[in-house]
Amino acid sequence: QVQLVESGGGLVQPGGSLRLSCAASGAIFSINVMAWFRQAPGKQRELVAGITTGGSTNYADSVKGRFTISRDNSKNAVYLQMNSLQLEDTAVYYCKATTWRDYWGKGTLVTVSS
């Protein structure tokens with residue numbers, strides 16, 4: 001079992017920045033990929049960014065150049081630095097860890113509003 005707890009969400013103005021954190025506990029040795037997803041009201045959950053144990057990353061086109069995913073294996077954590085936030089980035093952001101199955105956190109709300 002893997003437990004994930006997200007933090008760092010909040011209210012930010014357009015153009016602002018936020019840094020999300022996801023702390024993993026439990027069977028962390030078995031985690032391969034960690035990723036951030038988001039779900040906006042009325043929309044499906046979508047991949048934002050992912051990172052492998054080795055540090056390879058991938059991003060949704062909508063966040064490339066603005067968001068950066070990073071991973072600290074010593075702290076069992078993954079981060080999402082979000083810059084130049086836009087109104088359409090408003091969503092609940094979820095952390096996901098993949099072992100032989102997927103584990104999800106409960107999410108943290110990011111609201112971009114003026």
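The values are calculated or read from the model by the stated rules, or taken from the named source; none is laboratory data. Nothing here was measured: the structure is a model prediction, and the numbers come from that model. For neighbour counting, all protein chains shown are included, and Cβ atoms are generated from backbone atoms with ideal geometry for every residue, glycine included. Areas reflect the complete protein model, heavy atoms only, side chains present, ligands, DNA and RNA absent. Shrake-Rupley method; radii C 1.70, N 1.55, O 1.52, S 1.80 Å.
Observations on the structure shown:
- Of all residues in the stretch 15-41, those that are at pLDDT below 95 and outside any strand (DSSP E or B) total 7.
- Residue match in the stretch 104-111 (condition: under 19 Å from Q3 (Cβ atoms) and open to solvent by 50 Å² or more (accessible area, probe 1.4 Å)): yes
- Qualifying position, being of a type in the set (V, I, T) and open to solvent by 60 Å² or more (accessible area, probe 1.4 Å), among V33, V12, V5: V5
- Scanning the stretch 67-102 for residues that are of a type in the set (S, T, Y), at pLDDT 95 or above and open to solvent by 20 Å² or more (accessible area, probe 1.4 Å) yields T68, S70, Y79, S84, T90, Y94.
- Figure legend. Inter-residue proximity from the stretch 68-97: first residues within 18 Å of E46 (Cβ to Cβ), second residues of a type in the set (D, E) and open to solvent by 30 Å² or more (accessible area, probe 1.4 Å), beta-carbon distance below 9 Å, spacing 6+ or different chains. Indicated pairs: V78/D72; A91/E46; K96/D102.
- Residue match in the stretch 43-66 (condition: within 17 Å of L109 (Cβ to Cβ) and at pLDDT below 95): no
- Of all the numbered requirements in (1) of a type in the set (S, T, N, Q); (2) over 11 Å from the mean Cα position of the chain (by Cα); (3) surrounded by 15 or more Cβ atoms within 10 Å (Cβ to Cβ), S56 misses one, and that requirement is (3).
- From D72, D89, residue being over 20 Å from I31 (Cβ atoms) and touching a strand residue (DSSP E or B) at 6+ places or on another chain (Cβ under 8 Å): D89
- Among strands (runs of 3 or more DSSP E) entirely within the stretch 44-114, having at least 1 residues that are hydroxyl-bearing (S, T, Y) and within 22 Å of Q13 (Cβ to Cβ) singles out 67-72, 77-82, 91-98, 108-112.
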